[in-house]
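Colleague: Pasting a structure below so you can have a look.
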Amino acid sequence: AKLSLTKFMEEKDIPQHIRATSENVSDMQNYDGGIGTAPGNPSDPYVTALVLIVAKDKFNLESMASYVETTLANTRDPKTKASCYLGLAVIGKPVGDELRKLIEKEDTDEYLRAYCIAGLAYLEETEDALRYYETYITPNMVQNGDSCYYKGNDSTTGAVWVAASRLGLADADGISIHYASNRWRIGSLFECMVYITHYDKEVEQRGFTYN
């Protein structure tokens, strides 16, 4: 969060509880190469992939790739697979063909498909990523004024947010408004860091209010 916010805010304006944290995020990497939800916690492929997007240059990528590849080889859970494929793509592993096969497979989990599309975007295969987004994601997006979300699945909305943020699509802004309007929703904090990382618009600097 601190690395993301310093892109837009003076350090003195960042909330104290975030400002006081260490910037040495490399300390978060576990011995197995992954990252947990907090220092000392077991590695989590979801956290690993999204933190990797925000601070790729801060970690031992060889060790991280080994963790992600091992996790992928030993799971059948679609969400774990999604995080692993995204992580490998961000690292730069040549998984594009695998991602396309999963995207086009009829029974692929929606969350996994969204992360695979994001993976193609991080591999700089933007044309394919946009085409798949228009085919599989856009028809399922629900507009609600300025906000939008993925039909019927909040966790998939978070995965779509990552893809839209990397592709620079207006849906990314719409999803940010959707989550901001549902302040009870805290399960999208890592996706929010990804959104901020890719945000390229001028913003008016404002203070934080929180309790």
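Bear in mind that the values in this text are calculations on the coordinates, not laboratory data. From a predicted model like this one, the values you see are computed outputs, not experimental measurements. All Cβ positions, even for glycine, are placed from backbone atoms using ideal geometry, and neighbour counts span all protein chains on display.
Colleague: I need the calculated FRET efficiency for the pair S155 and K105, taking r as the beta carbon distance and R₀ as 25 Å, to the nearest 0.05. Mind dumping the intermediate values first?
Modeller: On the way: r = 19 Å, r/R0 = 0.78.
For S155 and K105, the calculated efficiency is 0.80.
Colleague: Taking θ = phi - 60°, what integer Hz values does the Karplus form 6.51 cos²θ - 1.76 cosθ + 1.60 yield along the range 63-78, in sequence order, with x for Gly and Pro?
Modeller: 5, 5, 4, 4, 4, 5, 5, 5, 5, 4, 5, 10, 10, 10, 6, x
Colleague: If you don't mind, another one. Sum up the charges of everything whose Cβ sits under 14 Å from the Cβ of E69, counting Lys and Arg as +1 and Asp and Glu as -1, but leave E69 out. Walk me through the intermediate numbers first.
Modeller: Working: positive: K81, K93; negative: D32, E62, E98.
Surrounding charge for E69 is -1.
Colleague: Can you pick out the pairs among K79/K105; K56/K105; K93/K151; K81/K101 whose Cα atoms lie more than 22 Å from each other? Please report the intermediate quantities before stating the final value.
Modeller: Values: K79/K105 16 Å; K56/K105 30 Å; K93/K151 31 Å; K81/K101 14 Å.
Going by Cα-Cα distance, K56/K105; K93/K151 fall outside the 22 Å limit.
Colleague: What ranking do 191-198, 32-39 get when scored by the average of other Cβ atoms within 10 Å per residue, highest first?
Modeller: Values: 191-198: 20.2, 32-39: 17.6.
Result, highest mean Cβ count within 10 Å first: 191-198, 32-39.
Colleague: Ordered by residue, what ³J(HN,Hα) values in Hz, to whole numbers, does the range 163-178 give under the Karplus form 6.51 cos²θ - 1.76 cosθ + 1.60, where θ = phi - 60° and Gly and Pro are x?
Modeller: 5, 5, 5, 5, 7, x, 8, 4, 4, 4, 5, x, 5, 4, 5, 4
Colleague: Could you give each residue of the range 28-34 its phi-based ³J(HN,Hα) in whole Hz, using Karplus coefficients 6.51, -1.76, 1.60 with θ = phi - 60°, and x for Gly or Pro?
Modeller: For the range 28-34, the Karplus curve yields 6, 6, 7, 4, 7, x, x Hz.
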